Structure formats: C-alpha cells, structure tokens
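Coordinate-derived values only; no laboratory data. Since we're looking at a predicted model, the values are computed, not measured. Glycine gets a Cβ as well: all are built from the backbone with ideal geometry, and neighbour counts include every protein chain shown.
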Amino acid sequence: MLDSIETAFKKANMPAAVAKRITVVAVRYRNKGKAAAIRRHPFRGICEASGRHLKKEDAHLDELNSEKGYDEKVRWVCPKANNSGRRSCGKC
C-alpha cells in the first residue's frame, strides 16, 4: 500500500493535493468504523473511565487500541479522560 501511495506522489503534478485526498479517504474510512462502534457499544450515561454520570453532549467515544481504531474495544469517556478538552465528569 505504501508503494502505491509513493507512486501517486511521484506521478502527481500537485503532491499536496494527493496527500490531502488520501487523508480525506482515510478519515472517511475511519468514521465508518466509528459509526459501527457506536451501534455496537451504545452510550449508557456514564464515564467508563471513572464510573460517574456523564451528559450525552460531553461523551466522547475513545478507542482503547489506537492502532486498530474503532474495530477493537471502545469506551465512552468525558473529554478530559479522552485528552481532548477541559470538561470533566468530576472525577477524571
């Protein structure tokens, strides 16, 4: 796969545009996995890192194995436990 990406860069008139397109396709593929993970692991109203109550608008789906993404185990956590914000469930 890396060979085909490198070939695409070498043959492109605008390599930055090729890089952007590869990123868009990769993010779209990853988000399909996220939608499936949400169906597979619905939100139950708690921060799974601390066990405390969590509002739906503050919930973030966290992949436990970032290399495998949303295909592996996931958990619902507050933004602070997900390292993506200052809001917290009160314990994290």
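On the principal axes of its alpha carbon atoms, the chain extends 53, 27, 19 Å, with the longest extent given first.
Its relative contact order, with pairs defined as Cα atoms under 8 Å and 6+ residues apart, puts the chain at 21 percent.
Below 10 angstrom from the Cβ of SER88, what's the summed charge of the other residues (Lys, Arg +1; Asp, Glu -1)?
Values: positive: ARG52, LYS80, ARG86, ARG87, LYS91; negative: ASP58.
Overall, the nearby charge balance is +4.
Under a Cβ-only charge scheme (Lys and Arg +1, Asp and Glu -1), can you give me the dipole magnitude of the chain about the Cα centre, in debye to the nearest 20? Intermediate values should be presented prior to the final figure.
Details: 21 positive and 10 negative charges, 78 e Å.
In total the dipole reaches around 380 debye.
Local charge sum around PRO79 (other residues, Cβ-Cβ under 14 Å, Lys/Arg +1, Asp/Glu -1)? Intermediate values should be presented prior to the final figure.
Numbers: positive: ARG52, LYS55, LYS56, ARG75, LYS80, ARG86, ARG87, LYS91; negative: GLU48, GLU57, ASP58, ASP62.
Here the count lands on +4.
For region 74-90, the residues whose backbone nitrogen is under 12 Å from a point 7 Å from the Cα of ARG52, taken along Cα to Cβ, are 78-81, 87-90. Between 0 and 90 degrees, the angle of helix 15-40 with respect to the longest Cα principal axis of the chain falls at about 30 degrees.
Tell me the mean residue ellipticity at 222 nm calculated for the chain from its helices only (DSSP H runs of n ≥ 4, each -39500 (n - 2.57), averaged over every residue, nearest 500). Mind dumping the intermediate values first?
Working: 2 runs with 36 residues, N = 92.
Mean residue ellipticity at 222 nm (helix-derived): -13000 deg cm²/dmol.
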